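What follows is a short report on a single structure.
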Amino acid sequence: MESGAATHPFARLDPGTVLDAIDATGLRTDGRLLALASYENRVYQAGLDEGNFIVAKFYRPERWSDAAILEEHAFSLQLAEHEIPAVPPMRVPGGATLTHAQGFRVAVFERRGGRTPELDDPEVLAWLGRYIGRIHGIGATAVYAERPVLDVRTYGELPGEFVLASPYLPADLRDAYRAAHAAALEGVQASFERAGQANALRLHGDCHPGNVLWTDNGPHFVDFDDSCMGPAVQDLWMLVSGTRAEMNRQLCDLLAGYEDFAEFNPREVSLIEALRTLRMIHHAAWLARRWDDPAFPVAFPWFNSRAWWEEHIGNLRDQLPRMAEDWLF
């Protein structure tokens, strides 16, 4: 029997296949190739004949439809057209942003450098807030038809059901996980009810510090792969950390810039711990769904262990009082 490493679709991405697929877009590579850190997709830096570099993303088979990928592309292109520093896919010769080659869907991007933003600097946070406000101003002008909505069902119930049906959760911890998951979702639902009607808009969706590259000219936002419909605070809360008082201060700094360009509903702050809880649940299911990809056991060796599941269950329980606590905002 072939190993998982040999049978996984990404196993076919040897250097020759990658370069041939990029060449099929109409660009011409010169043989320089570097694999970049990425788990959901496979991403490579490639040199072109004219001397510059591009970044090529090979999408994970069967995750997104072409229509969903093209919706994300259209959003990031729209942002760039409004001089918002997103990094959209390039239009390759022929005008397409998505190419089918060597059995994969491929998009190419300009190579952009940068460093992690200094999130303890109020001016940096305000600067980020201004651009996120502008992203949301554009995001609110249309809705996604093909991409998901960040809600309790999609990011909480369905991932939990997958975990309970997976072989990776130890059998004697299933009841404990089921109870912790159910209690966590009750807390999430209560948080959404306290927030009232939170308008869903097109978001970056995964706006953590690693997806914001900082330069002397300010930030640029990369990797819209998880772009979805959801509440505005989803693109803010991953940029704050520390104690509740510290997070409040950082959030105020973000909003000082954000509200120059978009209105923020202050009731959405009650969703921060609920969204964190959904991210925990979704992350566990993501690891379980991807465990047949040989890159995952190497990168996350702790996942398939009893100790990790016990910690995960404990973390879900710890979220219950945090979701119930009022934000002093």
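Some notes on this structure:
- Residue tally, condition more than 25 Å from E259 (Cβ to Cβ), surrounded by 14 or more Cβ atoms within 10 Å (Cβ to Cβ) and not basic (K, R), over region 128-150: 1
- Residue in region 195-207 that is modelled with the lowest pLDDT, counting only those that are in contact with a helix residue (DSSP H, G or I) (Cβ under 6 Å, 6 or more places away or on another chain) and surrounded by 14 or more Cβ atoms within 10 Å (Cβ to Cβ): A198
- Taking region 24-55 as the range and being under 11 Å from V106 (Cβ atoms) and surrounded by fewer than 16 Cβ atoms within 10 Å (Cβ to Cβ) as the test, only A24 passes.
- D292 surrounded by fewer than 20 Cβ atoms within 10 Å (Cβ to Cβ) and under 26 Å from N199 (Cβ atoms): no
- Residue among R244, R276, R249 that alone is outside the structural domain of H8 (by TED's automatic domain parsing) and either of a type in the set (F, W, Y) or under 30 Å from R174 (Cα atoms) (or both): R276
- Any hit, region 75-84, residues being over 23 Å from M247 (Cβ atoms), modelled with pLDDT under 95 and of a type outside the set (S, T, Y): no
- The residues in region 101-134 that are within 30 Å of D23 (Cα to Cα), in a loop (DSSP other than H, G, I, E, B) and not small (G, A, S) can be counted, and the count is 3.
- Annotation note: of N315, N304, the sole residue that is of a type in the set (S, T, N, Q), surrounded by fewer than 19 Cβ atoms within 10 Å (Cβ to Cβ) and at pLDDT 95 or above is N315.
- Residue match in region 3-16 (condition: closer than 25 Å to F221 by Cα and either of a type in the set (A, V, I, L, M) or without any contact (Cβ under 8 Å) to a residue 24 or more places away in the chain (or both)): no
- Criterion violated by A180 - all others in (1) surrounded by fewer than 20 Cβ atoms within 10 Å (Cβ to Cβ); (2) farther than 20 Å from V149 by Cα satisfied: (1)
The values are calculated or read from the model by the stated rules, or taken from the named source; none is laboratory data. Source: prediction; values computed, not measured. Glycine gets a Cβ as well: all are built from the backbone with ideal geometry, and neighbour counts include every protein chain shown.
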